[in-house]
Amino acid sequence: MDLRLLPLLLFLLVSSASAADLEDPLIQQVVPGVGEDLLNAEAHFSSFIQRFGKSYADEKEHAHRFSVFKANLRRARRHQRLDPTAVHGVTQFSDLTPSEFRRQYLGLRRPSLSSSHEAPILPTGDLPPDFDWRDHGAVTGVKNQGSCGSCWSFSAAAALEGANFLATGNLESLSEQQLVDCDHECDLEDPDSCDSGCNGGLMTTAFQYLLKAGGLEREADYPYTGADRGGCKFDKSKIAASVLNFSVVSIDEDQIAANLVKHGPLAVGINAIFMQTYVGGVSCPYICGRHLDHGVLLVGYGAAGYSPIRFKEKPYWIIKNSWGESWGENGYYKICRGRNVCGVDSMVSSVSAVHTTHT
Ligand SMILES: *[C@@H]1O[C@H](CO)[C@@H](O)[C@H](O)[C@H]1NC(C)=O
């Protein structure tokens, strides 16, 4: 070999490896190590099956899921190009079509336009540059809604957990199942649009229900089943937290931050399309729909800085999700602040809990 070519060869090797790392975190994540066949979708699929303990009924189902998986690999790559400050790749949802994912793991129903319960405008002059309710003990561990469109109940219960902590000093894990089974509250303007268990609901109507019912039981007293066929087993004598009042926060990001700091974690709606492939980082897609389909909990915000994962981080919101700890960043999502990305600023509500002295 001509030794004069050696530096050139080395340069090509090194630059192609780092370019692949940067462009394809998906491959990075699934197949660590350089030199793997990038098109080996079959190997990715087997490691996905192992990692998430998947099993399929028969060969036909296996083949179908494999084709959905391949389509999701392509989608993750598209998401990566549209959202370069986050990492997109294989998740526990990689064998689901977008519509299966929406039906089984989201569950925010379409809200009617209601102007009642508007939050008063708060001063925003001395907000801290970053803030996280997890550092102040107001947030329970990440939960898992399972294959049930009950996100709204997790968002509402978690907001009340935070509000109850602020009012009483106790962090109690509260029951989503009570909301799933017992809350059939409807919109004032649209009596056909009601909270309906695994088929979706809204956080504000859940708060409305809680005002009428008296409050929520503890998680331990009314545990989550992930199904909505059990009927309501609410026992008023076991109420652990009660809603004093709630309000809808304006779309203004400073008002959202001020309400967060003052009242505790906020119930928010979001468009979850990028969340199916999200692995980590700050999600800041160039284009994202603002149609809201998922209810989550806003627990804090961060300022710009450097991410250990990639590039420079933008200011972001910290979102607690309800898909277990193995999803995203230990169950959490970061989405950039500043321009209502994925509609995250457009359905925000704040709840206050009744201060109780009994335990
Ligand atoms: C609930 O009412 C109290 C007292 O009127 C008020 O200070 C608080 O801001 C209200 N909370 C919410 C979330 O609207």
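From 208, 177, grab the single residue that is open to solvent by 20 Å² or more (accessible area, probe 1.4 Å), touching a Phe, Trp or Tyr at 6+ places or on another chain (Cβ under 9 Å) and either within 16 Å of the ligand (Cβ to nearest atom) or modelled with pLDDT of 95 or more (or both).
When all the criteria are applied, what remains is 208.
Would you check which residues across the stretch 51-73 are within 13 Å of residue 92 (Cβ to Cβ) and either touching a helix residue (DSSP H, G or I) at 6+ places or on another chain (Cβ under 6 Å) or part of a loop (DSSP other than H, G, I, E, B) (or both) and list them?
Scanning the stretch 51-73 gives 52, 53, 54, 69.
Looking at 318, 256, 251, which one is exposed (fewer than 15 other Cβ atoms within 10 Å of the Cβ), out of contact with any His (no Cβ under 7 Å at 6 or more places or on another chain) and of a type in the set (A, V, I, L, M, F, W, C)?
Sole residue among the options that is exposed (fewer than 15 other Cβ atoms within 10 Å of the Cβ), out of contact with any His (no Cβ under 7 Å at 6 or more places or on another chain) and of a type in the set (A, V, I, L, M, F, W, C): 251.
Return the total of residues in the stretch 183-205 being buried (at least 20 other Cβ atoms within 10 Å of the Cβ) and not charged (D, E, K, R). Even if it seems obvious, please write down each step before you answer.
In the first step, residues of the stretch 183-205 are kept if they are buried (at least 20 other Cβ atoms within 10 Å of the Cβ); the result is 183, 185, 187, 195, 197-198, 200-205.
With the extra rule that they be not charged (D, E, K, R), the set shrinks to 197-198, 200-205.
Going through the stretch 183-205 one residue at a time, the tally reaches 8.
Go through the stretch 270-289 residue by residue and tally those that are assigned to a loop (DSSP other than H, G, I, E, B) and crowded, with 24+ Cβ neighbours inside 10 Å.
Count: 3.
Determine if the stretch 172-186 includes at least one residue that is touching a residue at least 60 places away in the same chain (Cβ under 8 Å) and out of contact with any Asp or Glu (no Cβ under 9 Å at 6 or more places or on another chain).
Within the stretch 172-186, none of the residues are touching a residue at least 60 places away in the same chain (Cβ under 8 Å) and out of contact with any Asp or Glu (no Cβ under 9 Å at 6 or more places or on another chain).
Report yes if residue 267 is in contact (Cβ under 8 Å) with a residue 24 or more places away in the chain, within 16 Å of the ligand (Cβ to nearest atom), open to solvent by less than 40 Å² (accessible area, probe 1.4 Å) and farther than 20 Å from residue 142 by Cα, otherwise no. Even if it seems obvious, please write down each step before you answer.
Details: in contact (Cβ under 8 Å) with a residue 24 or more places away in the chain: yes; within 16 Å of the ligand (Cβ to nearest atom): yes; open to solvent by less than 40 Å² (accessible area, probe 1.4 Å): yes; farther than 20 Å from residue 142 by Cα: no.
No; evaluated as a whole, the condition is false for this residue.
The values are calculated or read from the model by the stated rules, or taken from the named source; none is laboratory data. All values reported here derive from a predicted model rather than from experimental measurement. Because the Cβ atoms are built from the backbone with ideal geometry, glycine has one as well, and the counts that use them run over all protein chains shown. Remember, those area values only see protein heavy atoms, side chains included, never the ligands or the DNA or RNA. Shrake-Rupley method; radii C 1.70, N 1.55, O 1.52, S 1.80 Å.
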